[in-house]
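Chemist: Please see the structure below; I have some questions.
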Amino acid sequence: MSISPILLIIILANVAFSIKGFSDRLFFDNYKFQIGAIKRGEQIRMFSSAFLHVDYMHLILNMYVLYIFAPIIIIKLGIIKFLILYLGSLLAGNVLTLKYHKDELYYTAVGASGAVAGIIYAAILLNPDMRLMMFPLPIPIPGYIFGLGYLLYSIYGMKKQLGNVGHSAHLGGAIGGYALMLIVYPSIFLTSTTTILLLGVPIILLLLFGHKLK
């Protein structure tokens, strides 16, 4: 299928910045997400870190998922709303990460996962019955079930600090995509009411009781 020029630019920017970071450690360190540096005023890291990746597999996975889900948003809502969703989810993921790890000055992270999670959630709201795969289940499941499972797993991952994964960025990005979708496309309330409610419950509970995750 053809690719939107804006989506192509985003993907190429991720590729270019990530490859630069692979070979230039100083560049990588200067633009990665790091709590201490951001608190010192280096706010650019809240944005730049989402264009860096740990390795080629991390980069390819994020860009492939973006390539699959972004056209669903672009075709239905247009480029401007897609950019609002992408950039808003990116920042939401990093804001939640900053809040959750605020006392860990050396905590670092990179990757477009927060932005990509937001795009996935926006796409699920547009098409709740889309079929998605969730490891280790061998069969496709409805999008709204995938979305709920992803939220719950991310919350659990934050609580247990599972693996070398930025669960807080994933969760923040998903919440950002969910909330922004309701704002930029309010008619979704009429077409995806059940999915909005189903995904909204754990988000509301997280906002109310998230402080207990630590």
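Chemist: Return the residues of the stretch 1-57 that are over 20 Å from LEU96 (Cβ atoms), in a helix (DSSP H, G or I), free of Cβ contacts under 8 Å to residues at least 40 places away in the same chain and of a type in the set (S, T, N, Q); say none if nothing qualifies.
Modeler: SER23, ASN30
Chemist: When you go through GLY41, GLY93 one by one, which is the residue that is at pLDDT 90 or above and closer than 21 Å to LEU7 by Cα?
Modeler: Working: GLY41 fails: closer than 21 Å to LEU7 by Cα.
So the residue among GLY41, GLY93 that is at pLDDT 90 or above and closer than 21 Å to LEU7 by Cα is GLY93.
Chemist: Quick one: how many residues across the stretch 100-118 are of a type in the set (A, V, I, L, M, F, W, C) and in a loop (DSSP other than H, G, I, E, B)?
Modeler: Of all residues in the stretch 100-118, those of a type in the set (A, V, I, L, M, F, W, C) come to 105, 109-110, 112, 115-117.
With the extra rule that they be in a loop (DSSP other than H, G, I, E, B), the set shrinks to 105, 110, 112.
The number of residues fulfilling the criteria is 3.
A quick yes/no check of all residues on (1) closer than 30 Å to ARG25 by Cβ; (2) surrounded by fewer than 14 Cβ atoms within 10 Å (Cβ to Cβ):
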site: ILE38; (1), (2): yes, no
site: GLY41; (1), (2): yes, yes
site: SER49; (1), (2): yes, no
site: ILE60; (1), (2): yes, yes
site: VAL65; (1), (2): yes, no
site: LEU77; (1), (2): no, no
site: TYR86; (1), (2): yes, no
site: ALA92; (1), (2): yes, no
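Chemist: Here is a list of conditions, (1) at pLDDT 75 or above; (2) under 19 Å from the mean Cα position of the chain (by Cα), and MET158 meets all of them except one; can you say which number that is?
Modeler: Looking at each condition in turn, MET158 falls short on (1).
Chemist: Write out, first by first residue and then by second, each pair whose Cβ atoms fall under 8 Å of each other, whose residues are 6+ apart or on separate chains, and whose first residue, in the stretch 77-100, is touching a residue at least 40 places away in the same chain (Cβ under 8 Å) while the second is polar (S, T, N, Q) and buried (at least 24 other Cβ atoms within 10 Å of the Cβ).
Modeler: GLY93/SER113; GLY93/SER168; ASN94/SER49; LEU96/SER168; THR97/SER168; TYR100/SER168
Chemist: Next question, about the same structure. Anything in the stretch 10-66 that is in contact with a helix residue (DSSP H, G or I) (Cβ under 7 Å, 6 or more places away or on another chain) and among the hydroxyl-bearing types (Ser, Thr, Tyr)? List them, or say none.
Modeler: SER18, TYR31, SER48, SER49
Chemist: Then there is this: Specify which of the listed residues (ILE124, ILE72) is in a helix (DSSP H, G or I), open to solvent by 30 Å² or more (accessible area, probe 1.4 Å) and either modelled with pLDDT under 95 or under 14 Å from GLY173 (Cβ atoms) (or both). First the steps, then the outcome.
Modeler: Values: ILE124 fails: open to solvent by 30 Å² or more (accessible area, probe 1.4 Å).
Of ILE124, ILE72, the one residue that is in a helix (DSSP H, G or I), open to solvent by 30 Å² or more (accessible area, probe 1.4 Å) and either modelled with pLDDT under 95 or under 14 Å from GLY173 (Cβ atoms) (or both) is ILE72.
The values are calculated or read from the model by the stated rules, or taken from the named source; none is laboratory data. Everything numeric here is computed off the predicted structure, so don't read it as measured data. Heads up, the Cβs are rebuilt from the backbone with ideal geometry, glycines too, and the neighbour counts pull from every protein chain shown. Side chains are part of the model used for accessible areas, which takes the heavy atoms of the whole protein and leaves out ligands, DNA and RNA. Shrake-Rupley method; radii C 1.70, N 1.55, O 1.52, S 1.80 Å.
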